[in-house]
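What follows is a set of notes on a single structure, which appears directly below.
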Amino acid sequence: MSANLVALAYLVASVFFILALKGLSSPLTARRGNFLGMVGMTIAVVTTLTVTKNWMLILGCIGLGAIIGAVVARRVQMTAMPELVAFMHSLVGLAAVFIAIAAVNNPVSFGLPAVLTMGSKLELFLGTFIGAMTWSGSVIAFLKLSGRMSGSPITFRGQHMLNLLLAVAMIGFGLWFFFSDTTNWTAFASMTAIAFVLGFLIIIPIGGADMPVVISMLNSYSGWAAAGIGFSLGNPMLIIAGSLVGSSGAILSYIMCKAMNRPFLSVILGGFGGESGTIIIGDGEQKIHRSGSADDAAFLLSNADSVIIVPGYGLAVARAQHSVKELAEKLIAKGVTVRFAIHPVAGRMPGHMNVLLAEAEIPYEQVQEMDEINSDFSDTDVVLVLGANDVVNPAAYIAGSPIYGMPILDVHKARTVMVVKRSMAAGYAGLDNDLFYMDKTMMVFGDAKKVVENMVKAVE
């Protein structure tokens, strides 16, 4: 294939990628966006195969990866989706590092001069350290999300100073590599090793409540790592695809931080959620909550005119989305107006709740984002909260609270609130929730799926 045709094919693939991002911006068009993205990637891969002599080896690797990916996709549960995403980000970062190492070792095979130019060294430096930090940071995110490591922030004295010193040392070795007349493996290896360590140290102090931001941030990192390597290889497709991923991930990180009222640098430099919640108020008095049964909840729901259902991570853990759909259908058949309220950071990754509800084929018109539905809570008869905690915590309105200023779903303004939880345990941010102790609130304890199934049976 001629250079002009290759450039044209890459341009077409890029257009498909842009259309894919556009489609993924809404649940209504997300499936179409995924399809367009796959079409664009197919065009890009086929085009790349036409300009390489090692296409058999590449096809073999693609086949092996496809088999592994298909097996993992079939076995993974929806609750494990956030850690799967983190794991995939780590692979992108590691791939960028391996490509950079290969390019430094044998630049001629990548179409680079035998003695790397300063421009090539700069590109390899950027791609390598971003990729290394993406890999190690994603590994920590995976361990935290999967429960293999504590979700609480891990901090120690002098942590920020250590991170600063390591960052300075990494840049110093990068400059040594950059200004060396020949390939300086000592500088390159040292810079790469420090970047791996720095990735670990940056993520461990971030608490579970900030994990949605971490996921989107690592997504951005992986894109910039790919773009950096694309410049090194002179591959416009890799540059475009990486830039799209990097910029969209950065925008998503900003949206997540805004939804949590959290400065981006604050998330990166510290994380919150280290303090355990308590049910003891300042004067030592035990807080009192009111509890009820699934039958009680079903009675209130059946006699309401309007109901808003707020899904949270507890719904994902119990895999209750299909039961919730059945409950909603029964209520709608009785003339009850039912809607779903989604907080931008509900669950453990951006869009987690939207994916769960889409899997249960709940109509998109019933699902509304926080900004659309928040003003309606005060006119709503009953709100059913399923496993959500921090995103409905009115402590966000109390000055001095760790989540003060964080936009929340104003569930506490509804006439009646029912909360389905396994226990009174604090949420992922480690904070007690005053919503659970309000006179208008009824707690229903148990597995969300079983509780909802009992509600379905009890609805007349």
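Compare the Cα positions of S120, M211, G312 along the charge dipole of the chain (+1 at Cβ of Lys, Arg; -1 at Cβ of Asp, Glu; about the Cα centre) and return the one farthest towards the positive end.
Toward the positive end, the furthest listed residue is S120.
5 Å is the cut-off here: which amide hydrogens, built 1.01 Å from N in the peptide plane, fall below it relative to T337, excluding neighbours closer than 5 in sequence?
Sorted by chain and number, the residues that satisfy this are S306, V307.
Enter the accessible area per residue of the chain (Å², integer; probe 1.4 Å; all protein chains in place).
Normalised by residue count, the accessible surface of the chain is 47 Å².
Using Cα atoms only, what is the angle between the long axis of helix 211-233 and the major principal axis of the chain, expressed in degrees (0 to 90) to the nearest 10?
Taking the Cα atoms of the chain, the angle to 211-233 is about 20 degrees.
With unit charges on the beta carbons (Lys and Arg positive, Asp and Glu negative) and the dipole taken about the Cα centre of the stretch 1-121, which residue among M41, C61, L91 sits farthest to the positive side?
The listed residue farthest towards the positive side: M41.
Show me, for the stretch 403-409, the HN-Hα J-couplings you get by feeding each phi into the Karplus relation (A = 6.51, B = -1.76, C = 1.60, θ = phi - 60°), rounded to Hz, glycine and proline as x.
Here the 3J(HN,Hα) series is 10, 4, x, 5, x, 10, 6 Hz.
Return the carbon/sulfur percentage of the accessible area of the chain, one whole number, probe 1.4 Å, all protein chains in place.
Summing carbon and sulfur atoms, their accessible area is 65 percent of the total for the chain.
Calculate how steeply helix 55-75 sits against the longest principal axis of the alpha-carbon atoms of the chain, using the helix alpha-carbon long axis, and give the answer as 0 to 90 degrees to the nearest 10.
10 degrees
Just from its helices, what would the mean residue ellipticity at 222 nm be for the chain, if runs of 4 or more DSSP H residues each count -39500 (n - 2.57) and the sum is divided by every residue, rounded to the nearest 500 deg cm²/dmol?
Values: 16 runs with 260 residues, N = 460.
Counting only the DSSP helices, I get -19000 deg cm²/dmol.
Within 10 Å, count the other beta carbons around each residue, average over each peptide in 241-254, 342-355, 315-328, and list them highest first.
On the way: 241-254: 19.1, 342-355: 24.6, 315-328: 22.2.
Packing order, densest peptide first, comes out as 342-355, 315-328, 241-254.
Report ³J(HN,Hα) in whole Hz for each residue of the stretch 354-368, in order, from the Karplus equation J = 6.51 cos²θ - 1.76 cosθ + 1.60 where θ = phi - 60°; Gly and Pro get x.
4, 5, 4, 5, 5, 4, 7, 6, 6, x, 4, 5, 8, 9, 10
Once label points are set 7 Å from the Cα along Cα→Cβ at both T29 and D371, what is their separation, rounded to one decimal in nm?
1.7 nm
Taking only Cα atoms, what is the 0 to 90° angle, nearest 10, from helix 118-145's long axis to the longest principal axis of the chain?
With rounding to tens, the tilt is 30 degrees.
State log₁₀ I(q)/I(0) for the chain at q = 0.06, 0.07, 0.11, 0.13 Å⁻¹ as given by the Debye formula over alpha-carbon point scatterers of equal weight, solvent excluded.
Results for the chain at q = 0.06, 0.07, 0.11, 0.13 Å⁻¹ read -0.32, -0.42, -0.93, -1.17.
What is the chain's relative contact order, in percent, from Cα pairs under 8 angstrom and six or more apart in sequence?
Dividing the mean separation by the residue count of the chain yields 14 percent.
The values are calculated or read from the model by the stated rules, or taken from the named source; none is laboratory data. Note that the structure is predicted; figures quoted are calculated from it, not measured. Cβ: placed from backbone, ideal geometry, glycine included. Neighbour counts: every protein chain shown. For accessibility, only protein heavy atoms count, side chains too; no ligands or nucleic acids. Shrake-Rupley method; radii C 1.70, N 1.55, O 1.52, S 1.80 Å.
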